[in-house]
1. Among all residue pairs at least 6 apart or on different chains, which show Cβ distances below 7 Å where the first residue, located in region 49-61, is in contact (Cβ under 8 Å) with a residue 24 or more places away in the chain and the second is not in a helix (DSSP H, G or I) and not charged (D, E, K, R)?
2. Exactly one of these conditions fails for residue 70: (1) touching a Phe, Trp or Tyr at 6+ places or on another chain (Cβ under 6 Å); (2) loosely packed, with under 12 Cβ neighbours inside 10 Å. Give me its number.
3. Identify the residue in region 87-135 that is within 17 Å of the chain's Cα centre (by Cα) and assigned to a loop (DSSP other than H, G, I, E, B) and, among all such residues, is farthest from residue 10 (Cα to Cα).
4. For residue 81, are the conditions met, namely being under 15 Å from the mean Cα position of the chain (by Cα), in contact (Cβ under 8 Å) with a residue 40 or more places away in the chain and over 24 Å from residue 126 (Cβ atoms)?
Amino acid sequence: MWCHIDNYPPILRTLFRDASRVRQEDLALLEHCNGTTLSELKRDTGLSEEDIRESMNRLEAAYLVRRKLRGGVQVFIRNDLEAQDMDREEALRAAVRRVLHSYGPLTIEEVLIRIPVGQEEVERALDAMVSSGEITRDFVTPVFAPPVHPQGRP
């Protein structure tokens, strides 16, 4: 998945971080994540591949570790991106703003596909953005115009 660096720490981390499942043994494994491959983690820790994968999933969900490609090989590194937490509502409005700027106009269902958080939460963010005049809620009818000929003729 690709993400602009400006959106990663404040917006995505604020909306989707889940540190509730991180265990003490995950934090011990985190100490080994300095550009190491899965094979190196197995060798260095003596853990099974399955245990490492599960642990890395929990660490990634907590935004404590991330994956990078080095020479075509996936490695794990401690997340060195500054933890700029935002207010959750502000982060959600920023995410909605970016989605609407890229793909709008959209229905609520189309926004939820792109930003998988609760519908009520997205509706509150959209309502706040409508109230502030930042976006508008309306029916949009697509206009189907005939293709324009390169010389300007239909």
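1. Pairs that qualify, where the first residue is in contact (Cβ under 8 Å) with a residue 24 or more places away in the chain and the partner is not in a helix (DSSP H, G or I) and not charged (D, E, K, R), are 56/65; 56/76; 58/22; 59/22; 59/65.
2. (1) is the only condition that residue 70 fails.
3. 118
4. Taking the combined requirement at face value, the residue satisfies it.
Values in this text are rule-based calculations from the coordinates and carry no lab data. In this text the structure is predicted, and so the values were computed from the model without any measurement. Positions of Cβ are generated from backbone atoms using ideal geometry, with glycine treated the same way; all protein chains shown enter the neighbour counts.
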